[in-house]
1. I'd like the distance between the alpha-carbon centres of the range B:523-544 and the range B:57-100, rounded to an integer number of Å.
2. What's the angle, to the nearest 10 degrees (0 to 90), between helix B:415-429's Cα axis and the longest principal axis of chain B?
3. Using a Förster distance of 22 angstrom, determine the FRET efficiency expected from the C-beta separation of residue A:104 and residue A:164, and round it to 0.05.
4. Across the range A:90-194, how large is the tail of the calculated P(r) beyond 17 Å, expressed as a percent of all Cα pairs?
5. What fraction of the Cα pairs in the range B:495-547, stated in percent, has a spacing above 18 angstrom?
6. Taking the beta-carbon count within 10 Å as an exposure proxy, list A:16, B:100 from fewest neighbours to most.
7. Based on other C-beta atoms within 10 Å, arrange A:18, B:70, A:25, B:16 from fewest to most.
8. For chain A, what is the relative contact order in percent, using Cα pairs closer than 8 Å and at least 6 residues apart in sequence?
């Protein structure tokens with residue numbers, strides 16, 4: 001009998017908005033895997049990119065307060081969004097290294113800091129805490145024949161000494177997780193390239209160029225679909241895909257799944273519990289073709 | 001009763017500005033044992049020294065204290081003067097009232113009081129100094145040179161030309177080292193082989209040089225002037241005396257597809273081989289791991305075809321002991337293999353550059369072999385993957401070097417120049433090709449070096465892009481190089497046919513193990529440490545061992561040859577006398593009290609502590625005690641600080657003297 005896994009859960013703003021399906025599939029997957037997930041009470045925005053661009057103290061304080069709130073719930077903190085993960089980890093790292101900044105933030109929050117709790121990305125929980133063997137054992141409908149391009153983006157692995165998720169130059173954690181679910185992964189060149197992130201609003205031209213390179217590379221490697229762990233990457237690859245196809249006069253038709261959606265499929269969850277209808281590039285024809293729906 | 005003379009120096013105004021030297025002389029003159037004390041403007045000058053000599057004779061002085069600058073500055077000067085006056089030089093001590101007093105204080109009253117105390121301490125110390133005889137050590141006038149690259153070859157030839165015997169030991173089957181692999185050399189573009197191979201032949205033919213190739217250092221014992229070196233001569237499986245170098249064995253060997261290390265694995269060689277046609281000695285060696293005869297017992301073709309009957313499968317490793325007086329270490333460098341992260345190393349790999357995965361991403365040495373007339377392509381620049389001529393080639397500098405976050409913070413020094421050379425060689429051979437270079441800075445300090453680099457841009461049309469490359473990836477048969485041009489502030493992507501990485505220069509594998517055998521120190525990268533970065537750059541801290549070439553730090557050929565000749569000159573200086581004289585400030589063991597714990601032996605950086613048996617008159621062993629070999633002792637005093645029973649002491653720095661100094665305060 002293994003000890004039950006329980007986590008506090010920080011969904012972050014995106015998962016309550018454009019990435020609702022990431023939130024839904026995370027909760028459903030964890031329920032199916034019998035992993036406890038309790039939402040941090042009264043959590044708020046981690047500050048994302050704007051906060052640390054404007055004011056480091058603000059960014060650190062927002063994260064520190066959220067970390068303090070997370071202490072109220074038992075278990076390590078589970079984070080789905082790559083940006084929230086990066087900000088919370090960075091705050092832990094910076095405040096741990098700099099007594100001066102720590103003092104400033106303590107003054108701003110008027111409370112001592114709690115930085116010792118573990119912040120974990122969902123990938124870490126699936127690959128290490130649950131373990132690949134137990135994950136494989138929970139698979140009811142293996143993703144046999146599905147060729148997945150695992151896309152890491154920028155923030156999951158970088159900077160390496162802050163996130164400590166996997167090797168920064170050649171990570172394999174996504175591949176290991178989805179291979180445990182029975183899928184085949186492809187070797188491709190743009191796993192770690194930037195998608196343009198939030199330039200999607202201010203300079204969409206940049207994003208279209210960068211996202212096109214990623215889609216092109218995944219297609220060239222023979223992938224059926226892309227798997228991501230970041231709402232912003234998802235937006236740029238999925239929502240912008242039609243537009244990119246128009247600009248470059250190509251056809252990709254690559255569904256972009258959250259990792260929880262694909263693992264959820266393998267565990268046997270239905271499309272309604274994984275929010276597959278929220279995906280812009282319709283995955284259903286592909287899943288039908290591979291006998292996965 | 002001592003009759004101590006104290007001489008206070010003004011050092012111009014350096015001391016007298018802050019210290020009342022006349023008062024110091026007056027007050028010190030009253031100390032017990034001081035028979036004479038005076039002050040003078042420049043004690044180190046000729047009249048100052050004469051004053052000292054005269055006083056010794058007239059006042060019949062027994063000891064001397066000179067209160068002046070640091071002993072590092074003028075101790076030798078004054079001890080010589082004392083010796084000239086007929087006193088043992090080690091009865092003279094210096095009290096440092098300049099660096100330790102006048103230069104660091106402002107208040108004259110306080111500084112004067114301190115100066116009196118410093119001199120008073122030295123008066124107490126010198127009282128207990130012993131008359132020390134100069135130590136002499138015999139010298140074996142033969143030298144060992146480890147490493148047969150250009151550094152070792154140059155050092156060996158210089159020493160041998162001076163008439164001294166040289167033992168040259170090389171790990172590989174041939175001498176020549178990396179220089180023999182190079183195509184042309186900067187900044188003159190003369191062919192490396194053309195200037196290297198004659199020197200190799202000179203080594204082979206020199207009557208004073210004994211060459212051991214395919215051999216390694218097994219053990220080093222002894223000390224300066226008197227080393228005993230054990231050399232392991234690995235089994236070559238070919239008798240060097242019988243072999244004529246005809247090469248029939250290599251032609252007939254049925255195993256032909258072994259990657260040749262000399263050609264950076266681009267070319268193939270048989271199982272019985274010489275690394276390259278110009279090898280010295282031109283005697284093949286059997287690679288036993290790949291030879292059918294050694295693997296299965298069958299074949300034996302090379303023995304059958306060998307006319308002189310030189311092939312000998314029964315040959316075994318031999319251990320040879322050679323006595324030598326000096327050792328030159330010239331083990332050279334190797335290029336950082338970025339393909340994988342070395343185990344247990346602080347160096348992190350370079351996965352992002354695809355070296356080892358993308359066949360047309362090669363390192364600088366591989367490019368040298370491609371460009372070399374005697375290389376696997378006969379000097380044509382061709383891609384290893386498909387043999388096509390690359391029309392776009394990208395060179396990336398500083399791979400590993402100057403990258404603290406990757407584990408190496410130093411500059412490899414030669415890469416800027418050899419990359420400039422590579423762009424030229426490429427342009428000479430592929431007229432319609434374009435070379436790009438990603439670089440951080442161009443470091444070209446050297447005679448005619450910057451001109452050479454400018455030429456690669458201005459005349460040979462290389463495009464230099466200031467910025468680094470983030471990663472490479474294969475796209476079809478092209479390699480996409482993603483980098484930044486920081487001069488313009490834009491991202492750059494180049495679709496290249498071939499990429500050449502200027503990987504960092506590192507010490508040879510096993511450099512640390514050899515250093516431990518020799519008892520010499522090395523830095524965190526395993527480069528050997530010189531005794532002084534500026535003033536003793538070719539000597540090790542360990543007496544009698546000298547450094548030449550890139551084993552001490554990244555170096556180009558001119559610097560290597562200069563250092564090799566300098567090391568040779570140091571060896572000749574050592575051999576110029578029949579006996580070595582050295583300062584007798586060494587540790588001595590009080591054998592009656594020594595319990596033989598050998599804590600001193602463990603801490604001795606010089607390997608000077610030996611074990612000595614004490615026997616009674618019947619020859620029965622009473623105990624084993626420590627013995628400090630005065631020829632090896634460096635006089636550092638670490639043993640004295642370590643000895644739990646206080647039975648080893650450094651002359652001039654005994655516990656008794658230190659206590660006396662403290663009591664004088």
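1. 30 Å
2. So the helix axis and the longest Cα principal axis differ by about 20 degrees.
3. That gives a FRET efficiency of 0.30.
4. Tail fraction, whole percent: 63.
5. 44 percent
6. On the way: A:16 10, B:100 15.
Placing the least packed residue first, the sequence is A:16, B:100.
7. Fewest to most other Cβ atoms nearby, the residues stand as B:70, A:18, B:16, A:25.
8. On the way: 500 pairs, mean separation 57.9, N = 293.
20 percent.
Coordinate-derived values only; no laboratory data. Just so you know, these numbers come straight off a predicted model, no measurement behind them. Here the Cβ is made from the backbone with ideal geometry for all residues, glycine too, and neighbour counts use every protein chain on show.
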